[in-house]
1. Where a ≥ b ≥ c are the square roots of the eigenvalues of the C-alpha gyration tensor, would you call region 55-131 rounded, which needs a/c under 1.5, or, failing that, prolate if a/b is larger than b/c, or oblate?
2. When you count, for each residue, the other Cβ atoms within 10 Å and take the mean per peptide, how do 114-122, 137-145 rank with the highest first?
3. Decide, for region 171-296, between rounded, prolate and oblate: order the square roots of the alpha carbon gyration tensor eigenvalues as a ≥ b ≥ c, take rounded if a/c falls under 1.5, and otherwise choose prolate if a/b is larger than b/c, else oblate.
4. Rounded, prolate or oblate: which one fits region 1-141, using the alpha carbon gyration tensor with axes a ≥ b ≥ c (rounded when a/c is under 1.5, else prolate when a/b beats b/c, else oblate)?
5. As I understand it, the dipole of the chain uses +1 on the Cβ of Lys and Arg and -1 on the Cβ of Asp and Glu, about the Cα centre. Which of G219, V79, V130 lies farthest toward its positive end?
6. Just to be sure I understand: of the beta bridges DSSP finds with both ends in the chain, what percent are antiparallel, rounded to 5?
7. Near G272, within a Cβ-to-Cβ distance under 11 Å, what is the net charge of the other residues, with Lys and Arg +1 and Asp and Glu -1?
8. Give me a comma-separated list of calculated 3J(HN,Hα) values for region 119-135, in order, Karplus coefficients 6.51, -1.76, 1.60 applied at θ = phi - 60°, integers in Hz, x for any Gly or Pro.
Amino acid sequence: MQIQDYRSPKVTVIGTGNVGGMLAQRIAKENLADVVLCDIVQGKPQGIALDLAQAHCISNHDRRIIGTNDYSDTSDSDVIVITAGLPRKEGMSRNDLLKINAGIVKNVVEQAIALSPNAILLVITNPLDVMTYLAWQVSGLPPQRVIGMAGVLDAARFRTFIAMELRLSTSDIYATVLGGHGDLMVPIPRLSTVNGVPITDLLSEEAIARLVERTRNGGAEIVKLLQNGSAYFAPSAAAYTMVETIISDRHRIFPAAAYLDGEYGLKDIFMGVPIHLGRQGAEKIVELQLSDTELAALHSSAASVKANINLL
Ligand code: TXD
């Protein structure tokens, strides 16, 4: 390859709020890709892009950052991240956001995909699994090129609570969380380990039940504390890890909302399962051997996601 043929990877982030802004900052700081920030509010993406550009010389990065309200600036993106939409307020469930965010996601996906037909679509807007399904339908993309980010965050929350309970570093803890990104998500203690040892061997049933419940309510706990808005440091870190894995074609295994076509006995639904993630998107679905109870919990979670898909 001649050097002039080299083109920087390009990531568009639609929705320049807390998660989108923080994600753009991470991408730029790691010199991963050029970033286009796109929002409906005039001036907001331009202001954030300018602010980030002024951090270049201090934090030593030199990727291009563009803020825009015009989709033509997003053309030929390699990855499009959708964070546009409303976040939860205290007392709201993720499903309360369904109608309003569906209108936003439909609109932004239509505009963005028309100009970047080869992109991978990473959806972050809630209710996550339903918005990912909608984005897939509107985009017309093959299902493996549409992915929802939630499992990396939910697993990080479970890992954090396990680490806090055992007074250990999160680095030595692996957690498995499946299912929809909602109250019925399915943390799997049997497949959550500390240096290979299942937490079921290390913690009492009561402690595990408490940590599982805290993980399920991990988002709501932060919404309540913040009183205005929802979590964004861990969500943007989770989204960054997925974007980096796609751009760098690393073939890592992550839990993410992916299209199921019979896997786990589920069909025509996007929901959290482990996937092989790379430059082609969700390159493979990993089918874990689940117990009857775990599988039943996964199916209840799926039923709740399906009910919301049907509401659309
Ligand atoms: O794990 C996960 N998937 C999540 C999801 C973790 C955290 C946040 N989660 C959801 O992401 C949250 O419930 C929201 O639905 C989205 C975005 O959360 P964020 O905290 O970033 O919300 P903000 O700060 O309100 O930002 C939303 C931005 C804001 O700048 C709006 O102006 C913009 O979205 N917006 C739009 N941009 C483009 N086009 C349209 N139509 C539009 N409407 C709003």
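Every read-out reported here was derived from the displayed coordinates using simple, explicitly stated rules and does not represent laboratory data. If you're wondering where the values come from, they're calculated on a predicted model, not measured in any experiment. Backbone-built Cβ (ideal geometry, glycine too); neighbour counts: all protein chains shown.
1. Oblate.
2. The packing order, highest mean first, is 114-122, 137-145.
3. rounded
4. oblate
5. G219
6. In the chain, approximately 50 percent of DSSP beta bridges are antiparallel ones.
7. Charge balance in the 11 Å sphere: -2.
8. 6, 8, 9, 10, 9, 10, 4, 8, x, 4, 5, 6, 5, 5, 4, 4, 4
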